[in-house]
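First the structure, in the form of structure tokens, and then the observations on it.
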Amino acid sequence: MGATTATPIANGLLITGTDTDVGKTVLTSALVAHWQRHHAPSSIGLMKPVQSGMGDRELYTDLFDLGQTPEQITPLQFEAPLAPPIAADREGRTIDLGPVWTRLAALLDQRQWVLVEALGGLGSPVTHEWTVADWAAAWHLPIVLVVPIKLGAIGQAVANVALARQHGLCVRGIVLNCVSPAAMDRQPDWAPMPLITALTQIPVLGILPWLADPRDRAQLVGAAAGLELACLWPQTQVVY
């Protein structure tokens with residue numbers, strides 16, 4: 001799929017990353033926890049459109065009262081923790097994203113803000129034809145890119161921003177995530193913010209600290225408060 005020039009959805013945000021296990025779920029949880037602390041809890045919607053294996057949907061239903069059924073949070077679920085087209089093939093199923101879009105469109109109409117957590121990285125396959133980047137472009141979703149603080153972070157950030165630009169995506173910013181307790185101390189060497197910003201021309205909106213308990217809502221709210229939230233939801237008054 002080529003680049004698109006369509007206007008991004010105003011009240012939605014796709015949280016994606018450079019790979020699996022980079023911190024998308026932590027960022028999503030932090031943003032939801034912060035929003036519900038400072039706004040009407042029912043004014044935010046959350047979707048993990050496709051999930052392979054167990055994990056994120058179960059966490060969200062345990063952690064938050066969103067007024068959504070598990071099926072509304074994740075319309076498509078597969079048993080095997082594999083790329084969706086491979087998992088679907090194993091179950092003899094096809095992936096139809098039409099109903100997923102219908103549910104997301106309804107959620108966008110009903111809620112003031114909607115977070116959509118992607119699977120894998122921007123280049124990860126959603127179907128046999130579409131990657132996450134294709135999906136974001138087709139649905140006109142602005143994105144935030146989560147980059148783990150580790151060796152290789154600079155190159156991963158540059159490559160994924162280039163892929164986003166190839167698809168004409170609106171990148172609100174980059175969030176660095178401490179994937180280990182030592183990451184914060186190594187951040188200036190492994191993921192220097194000025195260099196990443198200079199190479200990508202995308203702002204780094206802050207750093208998610210290592211959370212000893214990623215289910216602790218107070219820790220999640222504090223982690224989100226350290227980010228430049230106004231860049232993620234520019235049309236909403238942000239309370240820190």
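The values are calculated or read from the model by the stated rules, or taken from the named source; none is laboratory data. Because the structure is predicted, anything quoted here is derived from the model rather than measured. Cβ atoms come from the backbone with ideal geometry, glycine included; neighbour counts cover every protein chain shown. Surface accessibility is based on the protein's heavy atoms, side chains included, excluding ligands, DNA and RNA. Shrake-Rupley method; radii C 1.70, N 1.55, O 1.52, S 1.80 Å.
Rounded to the nearest 5, what % of the DSSP beta bridges within the range 16-159 are antiparallel ones?
Around 10 percent of the beta bridges assigned by DSSP in the range 16-159 are antiparallel ones.
Of R217, R37, which has the most accessible area with a 1.4 Å probe, and how do the rest follow in descending order?
If we order R217, R37 from most to least accessible, we get R37, R217.
Could you grab the Rg to Rh ratio for the range 1-143? Cα atoms only, Kirkwood for Rh.
Checking Rg against Rh, the ratio lands at 0.94.
Rounded to the nearest 20 Debye, what is the dipole magnitude of the range 51-132 about its Cα centre when Lys and Arg each give +1 and Asp and Glu each give -1 at the C-beta?
Dipole magnitude for the range 51-132 comes out near 140 debye.
Towards the positive end of the charge dipole of the chain, with charges on Cβ (+1 Lys, Arg; -1 Asp, Glu), say which of T127, L66, N177 has the farthest Cα.
The residue sitting farthest along the positive end of the dipole is N177.
Can you compute the FRET efficiency between Q110 and M184 using 1/(1 + (r/R0)^6), with r the Cβ-Cβ distance and R0 = 30 Å? Round to the nearest 0.05.
According to the calculation, E is roughly 0.20.
Rounding to the nearest 20 debye, state how big the charge dipole of the chain is about its Cα centre with +1 on each Lys and Arg Cβ and -1 on each Asp and Glu Cβ.
440
So in the chain, what percent of DSSP beta bridges are antiparallel if you round to the nearest 5?
5
On full extension of the chain, what length is gained from E129 through V158, given 0.36 nm per residue of separation minus the C-alpha to C-alpha distance?
Here the answer is 8.0 nm.
Using 7 Å Cα-to-Cβ label points, what is the E71/A230 separation (nm, one decimal)?
It works out to 4.3 nm between the two label points.
Which percent of the accessible heavy-atom area of the range 58-189 goes to carbon and sulfur, probe 1.4 angstrom?
52
Per residue, what accessible area does the chain have, given a 1.4 Å probe and all protein chains present, in Å²?
Accessible area per residue: 42 Å².
Please list, in chain and number order, the residues 5+ apart from S124 or on another chain whose amide H is under 5 Å from its amide H, with Hs placed from the backbone.
Close amide H contacts, sequence-distant or interchain: V132, A133.
Given the Cα-Cα distance of D62 and D21 and 0.36 nm per residue of separation, how much length would full extension add, in nm?
Residue separation times 0.36 nm, minus the Cα-Cα distance, leaves 12.8 nm.
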